[in-house]
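Colleague: One structure coming up, written as structure tokens, with questions to follow.
The values are calculated or read from the model by the stated rules, or taken from the named source; none is laboratory data. What you see is a predicted model; the values in this text were computed from it and never measured. Glycine also receives a Cβ, built like all others from the backbone with ideal geometry; neighbour counts cover every protein chain displayed.
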Amino acid sequence: MGKVKIKRKSTLIDMTAMSDVTVLLLTFFMLTSTFLQKEPVIVETPSSVQEQKVPTSNVVNVLVSPHGEVFLAIAGEADPDASANYYKEQDPSLTAKDLQKKKGIWASDSIRIAAIKRAIAEYNATIDAGQRSLGPKVTDLTEDEIARYAKSGNINIPIADIKKFVNLSQSDQDKVFTEFFKLSDEEKEQYNKNPNNIRVGIPINIDPEHKKTNEFQIWMKAIRQVSQSDYPMLYDALKKGEGIAVKADKSTDYSKMHTVMDNLQTINMTRFTLMTALKSQDQ
């Protein structure tokens, strides 16, 4: 009796549906995730046993380098529906079309643009009021240049140098910081005293009598003002003490940190978080 041949069935599996699901999931996470901005300098934070997490949205990060340069990063609302939901609660009569226009208006870029414009206006007004030591007035920044600076993610140079900075290529912008942080502490000070250079860090010179305003104070007041008028979730976080996170290297001299905290207290921003790394059991 002959052997019965069993017909082999194809093992080919159609993966089209799986590919579609993968692409959809990838798109979803790309649209809903909050990407960390590249910081101008790498800092190694001191360790502690505190496990409270610092928020990644509705927060102003204050970065202090080991030498004492200060940088800011503003993170808005990551959820694009948050602003629409807020305005719907405020005014239930808003139509779906109206709410669609409200979606995403609290995103990081829009807050940065508003803060930059407000800071420049305050900077120029302070100079007009007689404090000419701040530097030259800034009146020639275009809307496009402001938007490009906001897109960079960090507030990392004096206001007077923004125009020169944004008109550099991306590689040259990065080079400003990489070359600066190769310098010795003394060379950094000399570099930042030269007005022909694109200076690094937000000027935060301390005035013992608290009579003169510096650029760090101007930026922080501008952020508070625009959040109070147009970005309520960030403003609420600032009031609660969750909206400002100060991050410094563990080797940063305490006097540099004290300068930052003293400036915040001078403008009545007395509630903030100090960022640390979680201490391991071996430490």
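Colleague: Which pairs have Cβ atoms under 9 Å, sit 6 or more apart or on different chains, and link a residue in region 92-118 that is of a type in the set (Phe, Trp, Tyr) to one that is surrounded by fewer than 19 Cβ atoms within 10 Å (Cβ to Cβ) and assigned to a helix (DSSP H, G or I)?
Modeller: These pairs meet every condition: TRP106/TYR86; TRP106/ASP230; TRP106/PRO232; TRP106/MET233.
Colleague: For region 186-235, give me each residue that is of a type in the set (D, E, K, R) and touching a residue at least 60 places away in the same chain (Cβ under 8 Å).
Modeller: Going residue by residue through region 186-235, those that are of a type in the set (D, E, K, R) are 186-189, 193, 199, 207, 209, 211-212, 215, 221, 224, 230.
Passing the criteria: LYS188, LYS212, GLU215, LYS221, ASP230.
Colleague: Here is a list: ASP207, ASP262. Which entry is in a helix (DSSP H, G or I) and surrounded by fewer than 20 Cβ atoms within 10 Å (Cβ to Cβ)?
Modeller: Numbers: ASP207 fails: in a helix (DSSP H, G or I).
Exactly one of ASP207, ASP262 is in a helix (DSSP H, G or I) and surrounded by fewer than 20 Cβ atoms within 10 Å (Cβ to Cβ), namely ASP262.
Table: residues versus (1) surrounded by 16 or more Cβ atoms within 10 Å (Cβ to Cβ); (2) at pLDDT 90 or above; (3) closer than 21 Å to GLU215 by Cα.
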| residue | (1), (2), (3) |
| --- | --- |
| LEU72 | yes, yes, yes |
| ASP91 | no, no, no |
| LEU99 | yes, no, no |
| TRP106 | yes, no, no |
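Colleague: State which residue is nearest to the chain's Cα centre (by Cα) when the search covers only region 111-143 and only residues that are surrounded by fewer than 18 Cβ atoms within 10 Å (Cβ to Cβ) and among the acidic types (Asp, Glu).
Modeller: Of everything passing the filter in region 111-143, GLU143 is nearest to the chain's Cα centre (by Cα).
Colleague: Can you spot a residue in region 44-54 that is farther than 22 Å from ASN263 by Cβ, acidic (Asp, Glu), in contact with a strand residue (DSSP E or B) (Cβ under 7 Å, 6 or more places away or on another chain) and at pLDDT 55 or above? Before you say what the answer is, go through the steps one by one.
Modeller: Of the residues in region 44-54, the ones farther than 22 Å from ASN263 by Cβ are 44, 47-53.
Subsequent filtering for residues that are acidic (Asp, Glu) retains 44, 51.
Now drop any that are not in contact with a strand residue (DSSP E or B) (Cβ under 7 Å, 6 or more places away or on another chain), which leaves 51.
From the residues that got through so far, the ones that are at pLDDT 55 or above too are 51.
Within region 44-54 (the criterion being farther than 22 Å from ASN263 by Cβ, acidic (Asp, Glu), in contact with a strand residue (DSSP E or B) (Cβ under 7 Å, 6 or more places away or on another chain) and at pLDDT 55 or above), the answer is yes, since at least one residue qualifies.
Colleague: Is one or more of the residues making up region 131-147 part of a strand (DSSP E or B), within 27 Å of ALA237 (Cα to Cα) and of a type in the set (Val, Ile, Thr)?
Modeller: So the first thing to find is which residues in region 131-147 are part of a strand (DSSP E or B), and the list is none.
Checked region 131-147: no residue is part of a strand (DSSP E or B), within 27 Å of ALA237 (Cα to Cα) and of a type in the set (Val, Ile, Thr).
Colleague: Picking from ARG132, ARG112, which residue would you name as being out of contact with any Leu (no Cβ under 9 Å at 6 or more places or on another chain), charged (D, E, K, R) and under 17 Å from GLN225 (Cα atoms)? Before you say what the answer is, go through the steps one by one.
Modeller: Values: ARG132 fails: under 17 Å from GLN225 (Cα atoms).
That would be ARG112, the only listed residue that is out of contact with any Leu (no Cβ under 9 Å at 6 or more places or on another chain), charged (D, E, K, R) and under 17 Å from GLN225 (Cα atoms).
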